[in-house]
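Before any comments, here is the structure.
The values are calculated or read from the model by the stated rules, or taken from the named source; none is laboratory data. Source: prediction; values computed, not measured. Ideal geometry is used to build each Cβ from the backbone, glycine not excepted, and the neighbour counts take in all protein chains shown.
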Amino acid sequence: MDMVLTGVPTAIDTSDVTETATETATEWTDWLAGGVGLAVLIAVYVVMLVAYVRIIQKAGYSGWWVLVGLVPVLNVVMFLVFAFSRWPVLRENERLRSLARYEP
């Protein structure tokens with residue numbers, strides 16, 4: 001099969017295409033690694049951190065529990081504790097329902 005393809009002339013010069021693609025990829029990665037990419041990454045992290053704090057506060061815990069997520073093994077343990085324990089907000093809701101007197 002090599003003998004058949006050896007005599008076929010190439011119609012397209014691929015050297016220009018690969019150089020242009022490499023230059024475009026380099027420009028994109030330089031922008032992403034630069035200050036704008038870093039600012040976007042920090043903004044995403046801040047928004048996610050605020051969302052996590054809000055979720056934990058709605059469950060009835062302190063927002064500072066988010067910091068447990070930075071500790072490697074403790075974060076999994078605390079995730080399981082939060083998942084399977086009785087949330088303070090649910091305990092408060094049950095207490096308020098038991099105190100309420102409904103009159104038909």
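Details
- When the helices (runs of 4 or more DSSP H) confined to the chain are screened for residues that are modelled with pLDDT of 80 or more and of a type outside the set (S, T, N, Q), those reaching at least 3 such residues are found at 35-59, 72-84, 88-99.
- Counting the residues of the stretch 60-82 that are exposed (fewer than 14 other Cβ atoms within 10 Å of the Cβ) and of a type in the set (A, V, I, L, M, F, W, C) gives 11.
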